[in-house]
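Written out below as structure tokens is the structure these notes cover.
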Amino acid sequence: MHLGLTGDCVGLDIDDEGRLSQLKPAFGGSIVAPILSRTLPNMATVRPGILTACEPDDSIEPVVNRIEVGTVEASGVRVLRSVSDESAEGAELEHAARIVSVGKGIGGPENLGPIRELASAFGASIGTTRDVCDLGWLPRQYQIGLSGKAVAPELYVAVALRGPFNHTVGIQRSGTIVAINNSARSQIQIVRLISEASPTSEKS
Ligand SMILES: Cc1cc2nc3c(=O)[nH]c(=O)nc-3n(C[C@H](O)[C@H](O)[C@H](O)COP(=O)(O)OP(=O)(O)OC[C@H]3O[C@@H](n4cnc5c(N)ncnc54)[C@H](O)[C@@H]3O)c2cc1C
């Protein structure tokens, strides 16, 4: 259809001129770049958990435009086997109301015991950082952030976790964030990418 597509956005916004601003991390997550499409309609994808669902408004009559797409080639993909393990810990992180997330500062997987006790004391799920998954202390489905999951709990407790943008982009819709850290310089960096806040507004 000769349209541009911005894939895997971390936020969408409408700028002052009414254009759709598609927010994408760039340079390894050190900046968030607003992308404007040259083509209409704008096409963008966002991962689950990034946006809050709107309340349905039944009073609006939708306008349906049917677009002729022509012949679609049959897919060359063959599914050999589907495996689903929804019971696995960490699988339901996107829907968790409370999350206790651990960073590398816990020192090792042997210290996960007290973290699990803390989490179960108030019915929280466990989350973590990419570094912890890379070390194999927790499996990948626990990872929150740019290359992990986006979550929206009422309470997010970050234990010994540094909280740079690459992690916090996945927790921007959290209610209350509590950070436990032994370094005053490790400030959880929250960047609000959607709603009224401008893409560059930041609070620590
Ligand atoms: C392209 C890209 C994508 C990425 N995607 C992700 C992602 O999706 N998710 C993600 O999490 N990261 C991601 N990262 C990595 C991210 O940039 C950070 O490196 C990572 O989040 C840091 O992990 P950490 O907090 O576990 O470890 P560290 O950076 O090592 O932080 C450990 C923290 O523990 C504290 N600490 C140490 N000892 C104690 C103690 N005894 N008590 C209390 N606090 C203590 C330290 O002060 C420090 O703040 C990505 C990076 C890149 C380049």
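The values are calculated or read from the model by the stated rules, or taken from the named source; none is laboratory data. Since the model is a prediction, treat every value here as computed from it, not as a measurement. Virtual Cβ from ideal backbone geometry, glycine too; neighbours counted across all protein chains shown. Just the protein is used for accessible areas: all its heavy atoms, side chains included, with ligands, DNA and RNA removed. Shrake-Rupley method; radii C 1.70, N 1.55, O 1.52, S 1.80 Å.
Odds and ends about this structure:
- Extreme residue, farthest from Leu23 (Cα to Cα), among residues of the stretch 162-176 that are more than 8 Å from the ligand (Cβ to nearest atom) and either modelled with pLDDT under 90 or not β-branched (Val, Ile, Thr) (or both): Gly175
- Complete set of residues in the stretch 157-174 that are open to solvent by 50 Å² or more (accessible area, probe 1.4 Å) and part of a loop (DSSP other than H, G, I, E, B): Arg162, Arg173
- Scanning the stretch 125-144 turns up no residue that is on the phi > 0 side of the Ramachandran plot, surrounded by 14 or more Cβ atoms within 10 Å (Cβ to Cβ) and at pLDDT below 95.
- Failed item in (1) touching a residue at least 24 places away in the same chain (Cβ under 8 Å); (2) open to solvent by 100 Å² or more (accessible area, probe 1.4 Å); (3) more than 15 Å from the ligand (Cβ to nearest atom), with Pro34 passing the rest: (2)
- The set of residues in the stretch 90-116 being farther than 17 Å from Gly170 by Cα and either within 15 Å of the ligand (Cβ to nearest atom) or touching a residue at least 12 places away in the same chain (Cβ under 8 Å) (or both) consists of Lys104, Gly105, Ile106, Gly107, Gly108, Pro109, Glu110, Asn111, Leu112, Pro114, Ile115.
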